[in-house]
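Below is one structure, written out as structure tokens, with a few remarks after it.
Just so it is clear, none of the values below were taken in a lab; they were calculated from the coordinates. Values in this document were obtained by computation on a predicted structure and should not be read as measured data. FYI the Cβ positions are ideal-geometry reconstructions off the backbone, even for glycines, and counts take in every protein chain you see.
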Amino acid sequence: MWFLSMWISNVFFWTLTYILLFIYMVKYKTIGIPIIAMLGNFVWELNIVIRYKSYAPLFATGVIIWTFFDAALILSYLTCCIHDKKKERILIFTGEGFLYFIVMYVGFAITDFYMLSSLIIEFIMSLAFVFYVIYKKILPNNLAVATGVARFFGDLAAWLMYTSHPVVMINGILVFVCNVIYLFFLIRQNMEYRISRA
């Protein structure tokens with residue numbers, strides 16, 4: 001029961017994160033998620049979808065939902081968020097995505113390492129968000145904060161699904177710390193921006 005409730009929470013909050021990110025990127029015409037995180041998520045999900053029958057239906061269904069939302073994020077990035085050197089950026093983006101996919105596809109083919117790879121991606125993504133907020137690549141507004149909070153709870157639910165696993169526990173703590181740092185800087189920047197506009 002605990003696992004199921006945490007899984008539902010994970011799917012709900014991450015789906016909400018994707019929806020909010022999509023709205024953010026379309027509305028403000030700027031990136032709302034680090035590119036390495038967007039690509040890493042998408043190719044991981046795509047590999048799960050390709051191997052759909054190898055996983056539990058509940059797990060695979062949640063990942064399929066995320067794949068569609070990640071595809072929407074990529075489309076919004078390519079159509080709304082690239083303002084200069086469009087062709088070059090699209091080529092680089094496509095090349096990076098293809099490289100990530102090949103590496104992950106080979107990894108999935110050699111061994112069933114979806115758990116380990118998801119942990120690595122999640123930590124890299126959380127770290128990338130911290131760098132993005134420190135270097136002010138995220139617009140400090142309420143939509144960005146709501147997205148950060150949804151992602152925080154999505155990651156927390158994923159961590160709480162496997163609390164007895166030592167690797168998951170360590171990774172969960174690292175991701176938790178990164179997400180708290182991210183929200184601290186983002187909320188502070190949002191408050192400073194609001195004060196400067198008052």
### Query
Using a ≥ b ≥ c from the Cα gyration tensor of the range 4-112 (square roots of the eigenvalues), is it rounded, prolate or oblate, where a/c under 1.5 gives rounded and otherwise the larger of a/b and b/c decides, a/b for prolate?
oblate
### Full-stretch length increase - Trp2, Ala60 - with 0.36 nm per residue and alpha-carbon distance subtracted
19.0 nm
### Message
Give me a comma-separated list of calculated 3J(HN,Hα) values for the range 5-16, in order, Karplus coefficients 6.51, -1.76, 1.60 applied at θ = phi - 60°, integers in Hz, x for any Gly or Pro.
### Response
5, 5, 5, 4, 4, 4, 5, 4, 5, 6, 5, 4
### Message
Relative contact order of the range 2-197, please, whole-number percent, based on alpha carbon pairs below 8 angstrom and at least 6 residues apart.
### Response
34
### Message
Test of understanding: ordering Phe3, Phe12 by Cβ neighbours within 10 Å, fewest first, what list do you get?
### Response
Phe3, Phe12
#### Entry: Burial ranking of peptide ranges 97-110, 180-193 (average Cβ count within 10 Å, highest at the top)
180-193, 97-110
#### Entry: For the range 36-45, Karplus couplings with θ = phi - 60° (6.51, -1.76, 1.60), whole Hz, Gly/Pro x
4, 6, 4, 5, x, 4, 5, 5, 5, 4
### Message
With Rg and Dmax of the Cα atoms in Å as the read-out, I listed (1) 16.8, 57; (2) 26.8, 104; (3) 17.0, 53; which label goes with the value calculated from this structure?
### Response
(1)
